[in-house]
Amino acid sequence: MIIDSSQDGLSAVAGRACRVPESGAVEAEFAGADGTLVQRRWVEAAVAVRFEQLQPVTAFPVVPGRRWGPGWWWSATTAGHVMHGSQAMCTQLMVLDRDPQVVGLSARPVRLIWRDPDSGRVLTWVPQLFARYADGRALLADCPATSEPAGERAARAAAVLAAACEAVGFTYRRLVPPEKVVAANVRWLVGYRHPRHRDAGGLEQAVLEAFAAPRPLMAGAAAAGEVLTALPVVYHALWSGRLTADLMRPLGEHTRVSPAPAAGDKRQEQHAR
């Protein structure tokens with residue numbers, strides 16, 4: 001028996017228990033190099049396959065009447081596009097793309113297949129996101145639009161995926177949508193995620209020196225040089241983690257901006273182009 005629980009502020013599939021198959025009985029289906037589908041035991045595929053490099057194993061559905069459909073997210077982490085199927089998923093892509101420890105992202109790269117121990121039916125689930133971390137850890141995730149408990153089918157799948165991921169050193173989570181203010185701030189900063197903003201106008205060093213000690217955002221931008229040129233550099237530094245601010249409050253001219261450790265730099269813009 002397993003009851004899925006959350007960590008690090010991610011949502012729980014709470015109060016629901018179900019039997020899950022042995023990890024060795026779970027299969028993984030994914031797109032091979034030539035685009036054909038490949039099926040392997042999950043415990044073998046998880047070790048051998050770079051899921052962050054794969055195309056979606058299945059397309060995102062287009063739901064008539066829904067205002068938000070599938071689209072593409074340009075990732076500062078991969079310097080390429082990652083597909084998304086909902087606004088909630090796009091928001092989680094933004095959050096993961098900003099995490100300096102994330103080095104790979106992909107959408108729907110694998111379908112997990114198993115036989116339900118209770119009914120005997122063959123069941124499948126395609127998690128929405130995959131993230132690879134610098135230390136080799138991996139995350140499979142789904143992106144619900146609300147923090148409400150999962151439906152019965154999603155809850156059962158979450159229990160199976162959590163157990164299967166734990167068996168291979170991965171993590172599975174249902175990612176809670178961020179607070180509205182945090183989401184709004186991240187959406188603002190993503191507009192400055194491209195490496196071209198890092199040293200716009202040659203002001204990178206001046207901006208970092210202006211915020212060598214904590215000070216209001218606009219005051220620091222003015223101290224660094226011409227404000228309209230300096231602000232994109234400030235926002236890029238906030239995106240990449242070289243500067244920090246409290247994103248629980250709306251970003252504005254009086255937001256207190258502080259320096260961050262050099263390790264916070266988003267992989268030194270390794271994908272800059």
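Structure summary
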| item | result |
| --- | --- |
| In order through region 168-174: 3J(HN,Hα) via Karplus (6.51 cos²θ - 1.76 cosθ + 1.60), integer Hz, x for Gly, Pro | 10, x, 8, 10, 10, 9, 9 |
| Unit charges on C-beta of K, R, D, E only; dipole of region 160-240, Debye | 320 |
| Shape category assigned to region 119-273 from the gyration tensor of Cα positions, a/c cut at 1.5 | prolate |
| 3J(HN,Hα) from dihedral phi, region 106-118, Karplus parametrisation 6.51/-1.76/1.60, rounded to Hz, x for glycine, proline | 8, 10, 6, x, 8, 10, 8, 10, 8, 9, 5, x, 8 |
| Shape category assigned to region 49-152 from the gyration tensor of Cα positions, a/c cut at 1.5 | oblate |
| Long-range amide H partners of residue 123 with built H, under 5 Å | 114, 115, 116 |
| Prolate/oblate/rounded call for region 115-171, Cα gyration tensor, a/c under 1.5 rounded | oblate |
| C-alpha long axis of helix 87-98 to longest principal axis of the chain, angle in ° | 60 |
| Sulfur and carbon atoms: percent of accessible area, the chain [1.4 Å] | 53 |
| Whole-Hz couplings from phi, Karplus 6.51/-1.76/1.60, listed for region 241-248; x for Gly and Pro | x, 7, 10, 10, 7, 7, 7, 6 |
| Peptides ranked, highest mean first, by Cβ atoms within 10 Å: ranges 181-190, 41-50 | 181-190, 41-50 |
| Considering only the chain, percent of DSSP beta bridges that pair antiparallel, nearest 5 | 90 |
| Local electrostatic count, residue 107, Cβ distance below 12 Å [Lys/Arg +1, Asp/Glu -1] | -1 |
| The chain, helix-only ellipticity at 222 nm - DSSP H runs n ≥ 4, -39,500 (n - 2.57), divided by all residues, nearest 500 | -8000 deg cm²/dmol |
| Per-peptide average of other Cβ atoms within 10 Å, ordering 135-141, 58-64, 114-120 highest first | 135-141, 114-120, 58-64 |
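The values are calculated or read from the model by the stated rules, or taken from the named source; none is laboratory data. Only a predicted model underlies this, so the values are computations on that prediction, with no experimental measurement involved. Glycine gets a Cβ as well: all are built from the backbone with ideal geometry, and neighbour counts include every protein chain shown. What goes into the accessible areas is simple: the full protein's heavy atoms, side chains included, and nothing from ligands, DNA or RNA. Shrake-Rupley method; radii C 1.70, N 1.55, O 1.52, S 1.80 Å.
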